[in-house]
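The next block holds one structure in the form of structure tokens; read it before the comments.
What follows draws every value from the coordinates through simple rules; no lab data is involved. These numbers come from a predicted model, not from an experiment. Don't worry about glycine lacking a Cβ; one is built from the backbone with ideal geometry, like all the others, and counts go over all protein chains shown.
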Amino acid sequence: MICINGPAAHLINENDTVILITYAQMTTEEARAYAPKIVHVDEDNKILQLGNDPAESITPGLKRPPFALTTQVN
């Protein structure tokens, strides 16, 4: 179960689409080695695709934002 709290709770309704984002504090070295985990789900929350590119879209016809950074692991 996902709970929306704070001011956002007044703006969301049941069955709305929600994009979840997490943040972390890490050293520069940790950040350079970090690979995000992206999970695309359908309207029933079934996993459609796993990835590590936050700008990636699985919707046909959508293109990558022109200034989106690519993930590079050194």
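A few points about this structure:
- Loop-located trypsin sites (Lys or Arg not before Pro) in the range 1-62, at most 11 other Cβ atoms within 10 Å (DSSP): Lys37, Lys46
- Rounded to the nearest 20 debye, the dipole size of the chain about its Cα centre is 280 debye, using +1 on the Cβ of Lys and Arg and -1 on the Cβ of Asp and Glu.
- Whole-Hz ³J(HN,Hα) from phi, Karplus 6.51 cos²θ - 1.76 cosθ + 1.60, for the range 54-67, glycine and proline x: x, 8, 6, 10, 10, 7, x, x, 7, 10, 4, x, x, 10
- Over the chain, Cα pairs under 8 Å with separation of 6+ residues give a relative contact order of 23 percent.
- The sum of -39500 (n - 2.57) across all DSSP H runs of n ≥ 4, divided by the residue count of the chain, sets its helix-only mean residue ellipticity at 222 nm to -2000 deg cm²/dmol.
- Cα pair count fraction exceeding 18 Å, expressed as % - the chain: 57 percent
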